[in-house]
Amino acid sequence: MPLVSMRQLLDEAAKGPYGVGAFNVNNMEQIQAIMEAARETKSPAIVQASRGARSYSQDRFLYHLMLAATELYLEIPTVLHLDHGNSVETCKSAVAMGFTSVMMDGSLMPDGKTPSTFDYNVKATREVVEMAHAKGVTVEGEIGCLGGIEDGHGAGLDGLSHLTDPEQAVEFVQQTGVDALAIAIGTSHGAYKFSSKPTGETLKMDRLLEIHKRLPNTHLVMHGSSSVPKDLQDIINQYGGKLKPTWGVPIEEIQLGIKNGVRKINVDTDNRLAMTGAIRKVFAEKPEEFDPRSYLKPAREAMKKVVALRMTQFGQAGHMGDYAPIPLEEMVKRYQEQRLAA
Ligand code: G3H
Ligand code: 13P
Ligand code: ZN
């Protein structure tokens, strides 16, 4: 089936209710890992690409790999989503290429680092909503800023300095018409989120519950939601890596979120850890190997395992065939008739 809108996947997830993992990709092996995990667990799939991923893959390579995925995994409703679009232009180019969902991250200025004003965020996001909905494409916005200690996102902000204000979240959704809302509740991108198992002081689930109470019909998105499992850290360190001790977002907290309006959960780091661990293992155990397939296959398999586990933990497993895809043209009509208010 053709790529489908994320709005449809999230509306269906809300009926469940369940959550849907959104997994980042840069290359063929990562796309294959997600599609295989979706097939194995009978899950709908959200594949997402950052600006960095689009530039790494020259954009069109990624897009055509995704078309291959829709041909080979006909039975799986699959979304191609832009992760952290930094400007209206970036979102426009993604829609022009065929992405069926975009994130306008107006919580930061176009440099992707400096926290923006509420007014800037509303204006930029509103513009993307008008442009994208006219094509039936879904829009995710963000209010509040995530931490980004390690990877440049958020310019090293810590996870607690720009938490989402529940009142502002309501205004933001009303003024922009976004389909999904990313919120900041203490998580950060990358491996180094928490220096010990998070408590209510560092991971603000109470804030999420408060936002959900005020926006019960809005699909909430949790970014920075890798769990950074100890076993994946250990494999890397066992085979020559040098990760410092670190904690991610516990699965049970994500599951609590899913019971309270979270419909999309962003995971990248766990897959990076899994692939790197698998590759390090081959290099350490078989130093004579030099065929890239000898390490890319185990890397792909390791990522598939993590994705399949998350799909099961988030509850999307088994829901692949619940619905027929709604064509984007029909989504356009629904937006025009205002049948899809947030
Ligand atoms: O939001 C962050 C994702 O992990 C993507 O990271 O910008 O390094 O591709 P990236
Ligand atoms: P992690 O770094 O926790 O995997 O978060 C990924 C993310 O939020 C992508 O937008
Ligand atoms: Zn993110």
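Each reported figure results from applying straightforward, stated rules to the coordinates on display, with no laboratory input. Just so we're clear, the structure is a prediction, and the values are computed from it rather than from any experiment. No Cβ is skipped: glycine too gets one built from the backbone with ideal geometry, and neighbour counts run over all protein chains shown.
What the table below lists for this structure:
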read-out	value
Calculated FRET efficiency for the pair THR114/LYS15, C-beta based, R₀ 45 Å, to 0.05	0.70
Value of relative contact order over region 184-321, rounded to a whole percent, pairs C-alpha under 8 Å and six or more apart	26 percent
DSSP-defined antiparallel bridges as percent of all bridges, the chain, nearest 5	5 percent
For HIS219, residues with placed amide H under 5 Å, excluding near neighbours	LEU181
Semi-axes of the equivalent ellipsoid for the chain, Cα gyration tensor, largest first, Å	29, 24, 18
Longest exposed-site-free window of the chain, the sites being GluC sites (Glu not before Pro) in a DSSP loop that have at most 14 other C-beta atoms within 10 Å	76-200
FRET efficiency, 1/(1 + (r/R0)^6) with R0 41 Å, evaluated for GLU330 and LYS244 via beta carbons	0.25
Relative contact order for region 244-324, counting Cα pairs under 8 Å that sit 6 or more residues apart, in percent	34 percent
Interchain or long-range residues, amide H under 5 Å from VAL102's placed H	LEU82, THR138, VAL139, GLU140
HN-Hα J in Hz across region 68-78 - Karplus 6.51, -1.76, 1.60, θ = phi - 60°, x for Gly and Pro	4, 4, 5, 6, 8, 10, 3, 7, 9, x, 10
Relative contact order for the chain, counting Cα pairs under 8 Å that sit 6 or more residues apart, in percent	22 percent
Pairwise label distance in nanometres, GLN175 with MET1, each label 7 Å out on the Cα-Cβ vector	3.6 nm
Built amide H within the under 5 Å cut-off of LEU108, gap 5+	SER116
Helical mean residue ellipticity (222 nm; -39500 (n - 2.57) per DSSP H run of 4+; nearest 500) of the chain	-14000 deg cm²/dmol
Cross-link partners of LYS305 among aspartates and glutamates (Cα-Cα below 16 Å; sequence separation of 8 or more within a chain)	GLU29, GLU36, GLU40, ASP231, ASP268, ASP270
Exposed-loop-free span, longest in the chain, where trypsin sites (Lys or Arg not before Pro) count as exposed if DSSP calls them loop and at most 14 other C-beta atoms lie within 10 Å	1-241
